[in-house]
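For reference, the structure is listed below as structure tokens.
The values are calculated or read from the model by the stated rules, or taken from the named source; none is laboratory data. Keep in mind that this is a model prediction, so the values were computed, not measured. Reconstructed Cβ throughout: ideal geometry from the backbone, glycine too, with neighbour counts over all protein chains shown. What goes into the accessible areas is simple: the full protein's heavy atoms, side chains included, and nothing from ligands, DNA or RNA. Shrake-Rupley method; radii C 1.70, N 1.55, O 1.52, S 1.80 Å.
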Amino acid sequence: MCNTDGDTATGGCCGAGEQKPEDGAGHWLGDVTLDQQLPADLQAALGRFLGVGSVDTLNEWSALIRGQTGGAISADHLCHTDEETGHWGEVDGERHHFQCFYDAVVLAALTDRPVDIHTVSPGGTAIEARAVSGEDLSVTPESAVFSLGIASDAHERSGGAPTLQDSYAAICPYVKAFPNRDAYEQWADEVPAATVATPLSGATAFARALTTEGDDD
């Protein structure tokens, strides 16, 4: 899932982790549990954009994305690029460059072969990860986290229901990896978006939900 603006440097909170209360600040989930409640501002922003009132959990969000693609996400939906970027996944010695780092995580969920993932944080820190059979990532640095989010002013951009390309434009600029939680929170305080972050090691959980047919499909 990609950022269409061409920026290649750029797919119950309280119970699991502390959530910062300030408006516009970063939110934190202790782990990626797909039925966990998303922060209220993110629920509302996603709901406004998708026209569904609110999107309460990652499970609901993944189902709505699958609805936009007509089913589970496949390799054809990933934003590959022929240009070298800071975001890539390597499988069997073949390097796939993406416009958004999370596409490399989705790639890992689509294959049972080991995938090496590289990305660069908004602050310029290189972050590495390795996935085997789509399971949890081994990450360097171990403190790395990633964000999910959507522009605060996101709205239907094509008339009617938002298209997948609309979602790319509104969401992908706020899907990033960071060396640690503090780096995420500093970034989140400055961007015009509702976001949440969680450890990068669990990033494949949401990717698996996106790439697996659900009962709703």
Practice task
For residues that are in contact with a Leu (Cβ under 7 Å, 6 or more places away or on another chain) and outside any loop (DSSP other than H, G, I, E, B), tally how many sit in region 67-82.
Solution key: 3
Handout entry: Entirely in region 112-217, the strands (runs of 3 or more DSSP E) that have 1 or more residues that are at pLDDT 95 or above, open to solvent by less than 10 Å² (accessible area, probe 1.4 Å) and farther than 28 Å from Gly71 by Cβ
Key = 126-131, 145-151, 193-199
Exercise for the section: Please indicate, with yes or no, whether at least one residue in region 160-175 is farther than 23 Å from Glu60 by Cα and hydrophobic (A, V, I, L, M, F, W, C). Expected result: no
Completion exercise
Residue count, region 92-107, condition part of a helix (DSSP H, G or I) and touching an Asp or Glu at 6+ places or on another chain (Cβ under 9 Å), comes to 1
Practice task
Could you tell me whether His77 is closer than 16 Å to Ala169 by Cα and modelled with pLDDT of 55 or more?
Solution key: yes
Practice task
Would you mind stating whether Gly86 is part of a helix (DSSP H, G or I) and open to solvent by 10 Å² or more (accessible area, probe 1.4 Å)?
Solution key: no
Fill in the blank from the handout: Across region 95-111, the tally of residues that are in contact with a Cys (Cβ under 8 Å, 6 or more places away or on another chain) and either hydrophobic (A, V, I, L, M, F, W, C) or open to solvent by 40 Å² or more (accessible area, probe 1.4 Å) (or both) stands at 3
Completion exercise
Listed by first then second residue, the pairs whose first member lies in region 139-153 and is farther than 15 Å from Pro39 by Cβ, whose partner is among the β-branched types (Val, Ile, Thr) and in a loop (DSSP other than H, G, I, E, B), with beta carbons under 8 Å and at least 6 positions apart or on separate chains, are Phe146/Val175
Practice task
Return the total of residues in region 3-58 being modelled with pLDDT of 50 or more, part of a loop (DSSP other than H, G, I, E, B) and not small (Gly, Ala, Ser).
Solution key: 13
Exercise for the section: For Asp92, indicate whether it is buried (at least 17 other Cβ atoms within 10 Å of the Cβ), at pLDDT 90 or above and closer than 26 Å to Glu135 by Cβ. Expected result: no
Practice task
Can you confirm whether region 143-156 contains a residue that is in contact with a Pro (Cβ under 9 Å, 6 or more places away or on another chain) and aromatic (Phe, Trp, Tyr)?
Solution key: yes
